[in-house]
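These notes concern the structure reproduced below.
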Amino acid sequence: MRKLATGIAATALVAGFAVGTSGGASAAPATPAAPQYQSCVSGYYCVWTFDSYTGTRYKFQYSNPDWSQTSQAGAYHNDQSSWNSGTSGMGVYLIGDGGRILGCLPDGHGWWHHNPANRGEGNQWTWAC
(Lines give C-alpha, C1' and ligand atoms only; values in the text may rest on other atoms or scores of the structure.)
Protein backbone atom coordinates (compact mmCIF):
# COMPACT_ATOMS: atom_id res chain seq x y z
CA MET A 1 0.00 0.00 0.00
CA ARG A 2 2.90 2.36 0.79
CA LYS A 3 4.35 1.81 -2.71
CA LEU A 4 0.96 2.65 -4.23
CA ALA A 5 0.72 5.91 -2.24
CA THR A 6 4.27 6.87 -3.25
CA GLY A 7 3.47 6.16 -6.90
CA ILE A 8 0.30 8.28 -6.76
CA ALA A 9 2.19 11.17 -5.12
CA ALA A 10 4.93 11.01 -7.76
CA THR A 11 2.34 10.97 -10.55
CA ALA A 12 0.56 13.96 -9.02
CA LEU A 13 3.81 15.93 -8.83
CA VAL A 14 4.69 15.14 -12.43
CA ALA A 15 1.22 16.28 -13.48
CA GLY A 16 1.83 19.61 -11.75
CA PHE A 17 -0.16 19.07 -8.58
CA ALA A 18 1.18 19.47 -5.06
CA VAL A 19 0.36 16.66 -2.67
CA GLY A 20 0.50 17.63 0.98
CA THR A 21 -0.42 16.01 4.25
CA SER A 22 -1.39 19.09 6.24
CA GLY A 23 -4.50 19.98 4.27
CA GLY A 24 -3.51 23.67 4.47
CA ALA A 25 -3.25 26.14 1.63
CA SER A 26 -0.43 25.54 -0.80
CA ALA A 27 2.03 28.22 -1.84
CA ALA A 28 1.31 30.15 -5.03
CA PRO A 29 3.33 29.07 -8.06
CA ALA A 30 6.44 31.10 -8.77
CA THR A 31 5.99 33.89 -11.29
CA PRO A 32 8.65 33.88 -13.99
CA ALA A 33 10.93 36.91 -13.95
CA ALA A 34 10.27 39.54 -16.61
CA PRO A 35 12.71 39.38 -19.51
CA GLN A 36 15.61 41.80 -19.01
CA TYR A 37 14.94 43.61 -22.29
CA GLN A 38 11.73 44.93 -20.73
CA SER A 39 13.90 47.23 -18.61
CA CYS A 40 14.58 49.25 -21.78
CA VAL A 41 12.40 52.34 -21.37
CA SER A 42 10.06 53.26 -24.24
CA GLY A 43 11.73 55.66 -26.66
CA TYR A 44 15.25 54.30 -26.16
CA TYR A 45 17.74 51.97 -27.79
CA CYS A 46 19.38 49.96 -24.99
CA VAL A 47 22.70 48.16 -25.02
CA TRP A 48 23.95 45.62 -22.45
CA THR A 49 27.50 44.54 -21.70
CA PHE A 50 26.59 40.82 -21.67
CA ASP A 51 24.48 38.42 -23.72
CA SER A 52 20.75 38.03 -23.16
CA TYR A 53 20.24 41.63 -22.01
CA THR A 54 22.32 41.26 -18.86
CA GLY A 55 25.17 43.20 -17.33
CA THR A 56 25.32 46.99 -17.33
CA ARG A 57 22.60 48.64 -19.42
CA TYR A 58 23.21 51.79 -21.44
CA LYS A 59 20.34 53.68 -23.06
CA PHE A 60 20.25 56.07 -26.00
CA GLN A 61 17.30 58.30 -26.85
CA TYR A 62 18.81 60.09 -29.85
CA SER A 63 21.16 59.24 -32.69
CA ASN A 64 24.70 59.04 -31.33
CA PRO A 65 27.39 58.43 -33.96
CA ASP A 66 30.07 58.15 -31.25
CA TRP A 67 29.07 56.70 -27.88
CA SER A 68 32.47 57.59 -26.42
CA GLN A 69 31.39 61.26 -26.55
CA THR A 70 28.21 60.71 -24.50
CA SER A 71 27.33 60.10 -20.85
CA GLN A 72 26.85 56.44 -21.89
CA ALA A 73 30.47 56.06 -23.04
CA GLY A 74 30.81 52.71 -21.24
CA ALA A 75 28.91 51.06 -24.10
CA TYR A 76 31.67 51.93 -26.60
CA HIS A 77 33.17 48.59 -27.76
CA ASN A 78 31.45 47.00 -24.75
CA ASP A 79 28.18 45.80 -26.31
CA GLN A 80 26.97 42.21 -26.42
CA SER A 81 23.17 42.52 -26.68
CA SER A 82 20.66 45.27 -27.44
CA TRP A 83 16.94 46.07 -27.66
CA ASN A 84 15.08 48.72 -29.66
CA SER A 85 12.29 50.15 -27.52
CA GLY A 86 11.95 53.22 -29.73
CA THR A 87 8.74 54.95 -30.64
CA SER A 88 6.84 55.50 -33.87
CA GLY A 89 8.13 52.29 -35.43
CA MET A 90 11.64 53.56 -36.16
CA GLY A 91 14.50 51.14 -36.51
CA VAL A 92 18.00 51.75 -35.26
CA TYR A 93 21.35 51.12 -36.93
CA LEU A 94 24.13 49.75 -34.75
CA ILE A 95 27.23 51.57 -35.95
CA GLY A 96 30.68 50.03 -35.70
CA ASP A 97 34.26 50.68 -36.75
CA GLY A 98 34.62 53.78 -38.89
CA GLY A 99 30.87 54.38 -39.20
CA ARG A 100 30.16 50.96 -40.72
CA ILE A 101 26.58 49.74 -40.16
CA LEU A 102 26.70 46.44 -38.28
CA GLY A 103 22.94 45.85 -38.46
CA CYS A 104 19.50 47.41 -38.36
CA LEU A 105 17.11 46.56 -35.55
CA PRO A 106 13.35 47.15 -36.05
CA ASP A 107 11.27 48.71 -33.28
CA GLY A 108 10.29 46.18 -30.61
CA HIS A 109 13.10 43.75 -31.45
CA GLY A 110 16.46 42.85 -30.00
CA TRP A 111 19.67 40.95 -30.50
CA TRP A 112 20.37 38.66 -27.54
CA HIS A 113 23.97 38.34 -28.81
CA HIS A 114 25.80 40.80 -31.05
CA ASN A 115 27.83 39.28 -33.86
CA PRO A 116 30.40 40.73 -33.87
CA ALA A 117 30.27 41.53 -30.16
CA ASN A 118 32.01 44.50 -28.55
CA ARG A 119 32.32 46.42 -31.83
CA GLY A 120 29.54 48.99 -31.35
CA GLU A 121 30.51 52.64 -31.46
CA GLY A 122 27.18 54.39 -31.98
CA ASN A 123 23.57 54.27 -33.10
CA GLN A 124 21.43 56.01 -35.73
CA TRP A 125 17.61 56.06 -35.81
CA THR A 126 16.16 55.23 -39.23
CA TRP A 127 12.97 54.43 -41.14
CA ALA A 128 14.95 52.14 -43.48
CA CYS A 129 15.15 48.83 -41.53
Where a residue in the range 49-61 is crowded, with 16+ Cβ neighbours inside 10 Å and its partner, wherever it lies, is of a type in the set (F, W, Y) and assigned to a helix (DSSP H, G or I), with Cβ under 6 Å and at least six apart: Y53/Y37
Those residues of the range 29-47 which are modelled with pLDDT under 60 and among the polar types (S, T, N, Q), in sequence order: T31
Sole residue being out of contact with any Lys or Arg (no Cβ under 8 Å at 6 or more places or on another chain) and part of a loop (DSSP other than H, G, I, E, B), chosen from R57, R119: R119
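The values are calculated or read from the model by the stated rules, or taken from the named source; none is laboratory data. All figures in this text were calculated on a predicted structure; none of them were measured in a lab. Positions of Cβ are backbone-derived with ideal geometry, glycine not excepted, and every protein chain shown enters the neighbour counts.
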